[in-house]
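The values are calculated or read from the model by the stated rules, or taken from the named source; none is laboratory data. As the structure is a prediction and not an experimental result, all values here were calculated from the model. Here Cβ is always computed from backbone atoms with ideal geometry, including for glycine, and neighbour counts include all displayed protein chains.
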Amino acid sequence: MITYEDFKKVEMKVGEIKEVEVVEGSDKLLKLKVDFGLKQTSGEVCSPEQILSTESVLGEERDVRQILSGIRKFFEDINVLVGQKVPFVINLEPRKMMGLESQGMILAVNDDEGNFSLLEVDRKIKNGSSVS
């Protein structure tokens, strides 16, 4: 068991999958490019249009991360993942897999009968929103 204080250390945020590709040499791994919204580098407030944009705004950069996940076998067409908003753990120590760095972990459900599901988030939720 972990304590509530330990659990509070886990940072989960909503990310939008922008790109997906098969990791060469692996039959399990997919490489996801995930947008977690604007990085907070100043105290300026952004408009809703700026937050939804994938471009940098007024010197602000988007928090886009590469995340590797062993979910390839669950998707006949991996392109169905593009555009999905899913919760991710984003404060894990980066991990190397197949020579690539993963900067987080996608949250999904896989039961003992082989059923699999991503934990999808409503489209209206902003990228980078905290999961609690």
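Here are a few things to note about the model shown:
- Among the residues examined, residue 91 qualifies as outside any strand (DSSP E or B), closer than 17 Å to residue 13 by Cα, among the polar types (S, T, N, Q) and at pLDDT 95 or above.
- Of all residues making up region 74-88, the number that are touching a helix residue (DSSP H, G or I) at 6+ places or on another chain (Cβ under 8 Å) and either in a helix (DSSP H, G or I) or aliphatic (A, V, I, L, M) (or both): 1
- On inspection, residue 104 passes the criterion of being of a type outside the set (A, V, I, L, M, F, W, C), on the phi > 0 side of the Ramachandran plot and in contact with a Leu (Cβ under 7 Å, 6 or more places away or on another chain).
- Screening residue 114 on (1) of a type outside the set (A, V, I, L, M, F, W, C); (2) surrounded by 10 or more Cβ atoms within 10 Å (Cβ to Cβ); (3) more than 17 Å from the chain's Cα centre (by Cα) shows it passes everything except condition (2).
- Checking each residue of region 39-58 against the condition of being assigned to a strand (DSSP E or B), surrounded by 14 or more Cβ atoms within 10 Å (Cβ to Cβ) and at pLDDT 95 or above gives no match.
- Filter result for residue 131 (within 14 Å of the chain's Cα centre (by Cα), more than 20 Å from residue 21 (Cα to Cα) and surrounded by 11 or more Cβ atoms within 10 Å (Cβ to Cβ)): yes
- Qualifying residue in region 18-30 (condition: modelled with pLDDT of 95 or more, surrounded by 12 or more Cβ atoms within 10 Å (Cβ to Cβ) and either over 17 Å from the mean Cα position of the chain (by Cα) or closer than 26 Å to residue 7 by Cα (or both)): yes
- From the options 83, 99, residue that is among the small types (Gly, Ala, Ser) and without any contact (Cβ under 8 Å) to a residue 40 or more places away in the chain: 99
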